[in-house]
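Everything below concerns the one structure shown next.
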Amino acid sequence: MASLIAGGVDCDVHPAVPHLTSLLPYLSDYWRDQVTTRGMVDLVSQSYPQNSPITARPDWRPASGKPGESLEDMQRHVLDPFQVSRAICNPIYGVQMVFSEDLQAAFCRALNDWLAKEWLDRDPRLRGSIVIPTQSVEKSVAEIERCAADRRFVQVLMLVMGDTPLGKRTLWPIYEAAERLELAVGIHAGSAYHNPPTAVGWGSYHIEDYVGQAQAFQTQLTSLIIEGVFVRHPRLKTVLLESGVSWISPYLWRLHKFWRGVRMETPWVDRAPLEIVRSNIRFSLQPFDAPPDEATLIRLFDHMQSDELVLFSTDYPHWQFDGQDALPEGLTADLVRKIMIDNPHATYPRLT
Amino acid sequence: MNIQFRESQEAASPLTTKTAIADCDIHPARATRTELYPYLAKRWQHHLEVYGVHAYQGMMEGPPYPKAQPNASRRDAYPPEGGPQGSSLSFMQQQLLDPNNVQLGVLNPLNTGQGIRNHELSAALCSAVNDWQIDKWTSKDKRLKASIVVGNEDALAAAAEIRERAGDKNFVQVLLLSRNVEPLGQRRYWPIYQAAEEAGLPVGVHAFGFGGNPITPSGWPSYYIEEMVGHSQCQQSALASLVLEGVFERFPKLKMVMIEAGFGWAPSLAWRLDKVWQRLRSEVPHVKRPPSEYIREQVWWTTQPMEDPERREDLFDVIKWIGWDRLLFATDYPHWDYDEPSRVLPAGVSEANREAFYLGNAKKLYGIG
């Protein structure tokens, strides 16, 4: 077992909003009235049913309430034992699922203010991600600019399954704002359920949705690269969060082959997809989908031909590993240092 | 790809010294628009003339993502007597079968009756295509074998078509496309798997098709390359559905072939399925064993388009994880992203693995002596 080192950065932890009513203090009078008068209920996404085994590790599951809703638990379970210097909070709350862009924008604003006050203010190790109402690019950019004044926000956060492929040109002002304000763009597992959660339609099971997250990340990576986001924004870093890691190399071998075959279709993609990934795309470590044998792990990391792609994460409180076994077998001490410290700092300019 | 092919193409004469191969993905085309009419009732001929096919996508002709080349096919594959690429048996023999010493060629007709909203028309067209495959192709060249094309959205009609063709040695598999109205594991498609299992025929799932769903979980992408790369994601979702709905558990003798969607993704998908199944198996108690076991025992992959790492030997790790006994060589003739047989495997592969990859696995799976 590779040894964890102190001072690392956990790039994916999930503070939970206890209930929609927790956001009431952060909503305007109008929206507070809308929530209460219309009897709106808690925004729990199908992506993470509260009692699903994957939603919380058994020993991280609280006696009552949502997994991840207590800062004290997060400190006790992750921040202290993993001796992290920083942890990036990615709130996964169902604000993306509503269909009104006004309502979505109000909820995102409240969620971001809630995160700053209830979490970032209470532990200096915590950093935040700005959740944006992607149905409106204008409102998204405004929210990014509003939150970016607080340097503790280090990233813009979107779901991997939304309304449109993420490379689409209409979304580019979001990437322009992120690059300008030194924010990474994080894309996290989860769906707004505005489209079927697989490219071949609606499956029957929660497990199917979860397995399918990896395929959703693959299509989004194609979209971001092929539409030319990184040609326009060469300094932008995009982090795929809870994406799985072991699919990366074979996926890129395929993309690279087709890019060589039909690059006349998208001539603005002036660098090989492999190179674009190495310079602009990063992946959080957990979940690491591979058998636990060291030989396979070593081959998988070797296939990546780069030690800069992976960023340490626990995915707290989701159940991806047991005990302290957050690092796969067979990593060298140098690679552990890159994954836990150097790569996160190189990815997040605001992470000081 | 075809540019490389032109550089390497030698005189189109039979080179009998070449090692025999199977080509498990050949696309036969119709020479004329009405070539299927002799196999269709007057009613359907009239219907096609007046209304067309009414697919699960909006274009009356051609695909919504324009292909890289006409008919997605090689520019050097137009038959000298005219007609689209892949529509002439004699030119296919001259350009593909003879020079490459193809001993077994599996026909996978596209643009048939699949993905059509009128399910009666779908069934009629599929049946017509199956008759046409015998008349035009397999009865005239014994190296060629056909796939039973079925209108899968009406699974009972599809099962009836399979039962009608069962035992006919012209056919070696049942053919589905990957993108359908629902994921392929759904119960609505089970009669197809039951009939295929009874007939002892593998079910091939070829990339493409339209089922009315956006082709990514975030909606419609912009470019042809996104659709092409995305076939591997569609195939992964289809295979995950087959496993998680319990199709392999319910039909333990069923064999599935993943066609033209790559194979590099298979180990990672299987590992992910296994890992998540450990956590969530109480939701799917009908999936009794680790998903990777079903995949290892009941799934095969055609090779084209082979993933293309910078260091080609990296692909051997992936093949080892899948199993050398599970890959079926395919060229995808006459399509533009054709894999040239002599160039896909670098040196360093054992003779036994090479033989299995090019021929042995296919003969065994498809029951060709």
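Each reported figure results from applying straightforward, stated rules to the coordinates on display, with no laboratory input. The model shown is predicted, which means the values in this text are computed figures rather than measured ones. Cβ: placed from backbone, ideal geometry, glycine included. Neighbour counts: every protein chain shown.
What the table shows:
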item: Which of A:Glu308, B:Glu226 has the fewest Cβ neighbours within 10 Å, and the rest in rising order; result: A:Glu308, B:Glu226
item: Calculated FRET efficiency for the pair A:Met264/B:Ser342, C-beta based, R₀ 25 Å, to 0.05; result: 0.40
item: Backbone N under 17 Å from the A:Asp302 label point (7 Å along Cα→Cβ), restricted to the range B:318-355; result: B:318-322, B:348-349
item: Unit charges on C-beta of K, R, D, E only; dipole of the protein assembly as shown, Debye; result: 660 debye
item: Sequence-distant aspartates and glutamates (8 or more away, or on other chains) whose Cα lies within less than 17 Å of A:Lys66; result: A:Asp42, A:Glu118, A:Asp315
item: Summed side-chain charge close to A:Arg169 - residues other than A:Arg169 whose Cβ falls under 12 Å, Lys, Arg +1, Asp, Glu -1; result: 0
item: Within chain A, helix-based [θ] at 222 nm, where runs of 4 or more DSSP H residues each add -39,500 (n - 2.57), nearest 500; result: -10000 deg cm²/dmol
item: Peptide B:206-217 - average C-beta neighbours from other chains (10 Å radius); result: 5
item: Relative contact order of chain B, defined on C-alpha pairs under 8 angstrom at six or more residues apart (%); result: 20 percent
item: 15 Å beta-carbon shell around A:Gln135, net charge (K/R +1, D/E -1); result: -2
item: Inter-part distance where the range A:176-213 and the range A:116-162 are each reduced to a Cα centre, Å; result: 17 Å
item: Selected from B:Gly58, B:Gly204, B:Gly219 as most flexible by GNM, with chain B as the system and alpha-carbon contacts under 10 Å; result: B:Gly219
item: Antiparallel %, DSSP beta bridges [both residues in the range B:22-366], to 5; result: 10 percent
item: Distance between the range B:87-117 and the range B:186-235 - C-alpha centres, whole angstrom; result: 21 Å
item: Chain B - mean residue ellipticity at 222 nm from DSSP helices (-39,500 (n - 2.57) per run, n ≥ 4, rounded to 500); result: -9500 deg cm²/dmol
item: FRET efficiency, B:Lys363 to B:Glu297 (Cβ-Cβ, R0 25 Å, nearest 0.05); result: 0.85
item: Ranked packing of B:340-353, A:121-134, most packed first, by mean Cβ within 10 Å; result: A:121-134, B:340-353
item: Qualifying lysines (Cα of each under 30 Å from Cα of A:Lys237; at least 8 residues distant if same chain); result: A:Lys117, A:Lys139, A:Lys168, A:Lys257, A:Lys338, B:Lys275
item: Charged-residue dipole, Cβ positions (Lys, Arg, Asp, Glu), chain B about Cα centre, Debye nearest 20; result: 700 debye
item: Proxy reagent accessibility, fewest Cβ within 10 Å first, across A:Met304, B:Met306; result: A:Met304, B:Met306
item: Positive minus negative residues near A:Ala199 (Lys, Arg vs Asp, Glu; Cβ under 14 Å); result: -4
item: Peptide B:330-337 - average C-beta neighbours from other chains (10 Å radius); result: 1
item: Spin-label zone in the range A:95-113 - amide nitrogen under 17 Å from a point set 7 Å from the Cα of A:Glu138 along the C-beta vector; result: A:100-106
item: Residue exposure sequence - A:Ser246, A:Ser204, A:Ser191 - by fewest surrounding Cβ within 10 Å; result: A:Ser204, A:Ser191, A:Ser246
item: Listed residues B:Gly62, B:Gly185, B:Gly209, most fluctuating in chain B (Gaussian network, C-alpha, under 10 Å); result: B:Gly62
item: Straight-distance crosslink candidates among lysines, where the alpha carbon sits under 20 Å from B:Lys18 and sequence neighbours closer than 8 are dropped; result: B:Lys142, B:Lys363
item: Cα-based shape type of chain B, given that a ≥ b ≥ c are square roots of the gyration tensor eigenvalues and the cut on a/c is 1.5; result: rounded
item: Approximate spin-label separation A:Ala295-B:Glu61, in nm, with each point projected 7 Å along Cα-to-Cβ; result: 5.7 nm
item: Two-site FRET efficiency, A:Thr170 against B:Glu351, from Cβ-Cβ distance with R₀ of 56 Å, rounded to 0.05; result: 0.55
item: Residue with peak Gaussian network fluctuation, chain B [Cα springs, cutoff 10 Å], from B:Arg74, B:Arg165, B:Arg279; result: B:Arg279
item: For residues of B:276-284, the mean tally of beta carbons on other chains within 10 Å; result: 6
item: The range A:300-344 and the range A:1-17: distance between their alpha carbon centers, rounded to Å; result: 10 Å
item: Gain on full stretching of the segment that runs from A:Glu145 to A:Ile5 - 0.36 nm per residue minus C-alpha separation; result: 46.9 nm
item: Signed unit charges on C-beta, dipole axis of the range B:22-366, positive-most listed residue B:Asn100, B:Tyr294, B:Gly58; result: B:Tyr294
